[in-house]
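Okay, structure first, notes after.
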Amino acid sequence: MYTLITAASSAKAHQVKNQLQTQNVLLGDYKDLPEVMIKTGKMVVIPDPNKEAYPHQMLAFCLDYNVNTVYVLLSEEAQALAPAGLLFKEYGIDIVASYD
């Protein structure tokens, strides 16, 4: 099982990663990421929270990548996922909103 931390290009994502007691962490972002980080698997491209299908796309992403916890670091992501919180829970995926 993996933990996904959004806003991979932010300093906060790396702070959260350093605080977690697990090696199985994916850093993801929908914004442009360095190609070398994607190719090495250190970062992944996640769905855009501004798209209407975002909650369903994120659920599919989590199931495809075996993610059981998502740390949401952007308010637009948290707002878009809020209505789907119960659906994620049904699949055993915890959403942790941690944004400023």
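The values are calculated or read from the model by the stated rules, or taken from the named source; none is laboratory data. In this text, all values refer to a predicted model and were calculated from it rather than measured experimentally. Please note: Cβ atoms are built from the backbone with ideal geometry, for glycine as well, and neighbour counts cover all protein chains shown.
Return the residue satisfying two criteria in turn: it lies in the stretch 50-98 and is among the acidic types (Asp, Glu) and surrounded by 13 or more Cβ atoms within 10 Å (Cβ to Cβ), and of such residues it is nearest to the chain's Cα centre (by Cα). Of everything passing the filter in the stretch 50-98, Glu77 is nearest to the chain's Cα centre (by Cα).
Conditions tested, residue by residue: (1) aliphatic (A, V, I, L, M); (2) at pLDDT 95 or above; (3) touching a strand residue (DSSP E or B) at 6+ places or on another chain (Cβ under 9 Å).
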residue	(1), (2), (3)
Thr6	no, yes, yes
Pro34	no, no, yes
Ile38	yes, no, yes
Ala53	yes, yes, no
Leu87	yes, yes, no
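The rows are residues; the columns are (1) modelled with pLDDT under 95; (2) of a type in the set (Gly, Ala, Ser).
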position: Ser9; (1), (2): yes, yes
position: His14; (1), (2): yes, no
position: Gly41; (1), (2): yes, yes
position: Ala60; (1), (2): no, yes
position: Val72; (1), (2): no, no
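Does at least one position in the stretch 33-40 carry a residue that is touching a Phe, Trp or Tyr at 6+ places or on another chain (Cβ under 7 Å) and not charged (D, E, K, R)? Looking for residues that are touching a Phe, Trp or Tyr at 6+ places or on another chain (Cβ under 7 Å) and not charged (D, E, K, R), one finds none in the stretch 33-40, hence no. Of all residues assigned to the stretch 66-77, none qualifies as being out of contact with any helix residue (DSSP H, G or I) (no Cβ under 7 Å at 6 or more places or on another chain) and free of Cβ contacts under 8 Å to residues at least 24 places away in the same chain. Residues that are crowded, with 18+ Cβ neighbours inside 10 Å, not hydroxyl-bearing (Ser, Thr, Tyr) and not in a loop (DSSP other than H, G, I, E, B) within the stretch 1-24 comprise Leu4, Ile5, Ala13, Val16, listed in sequence order.
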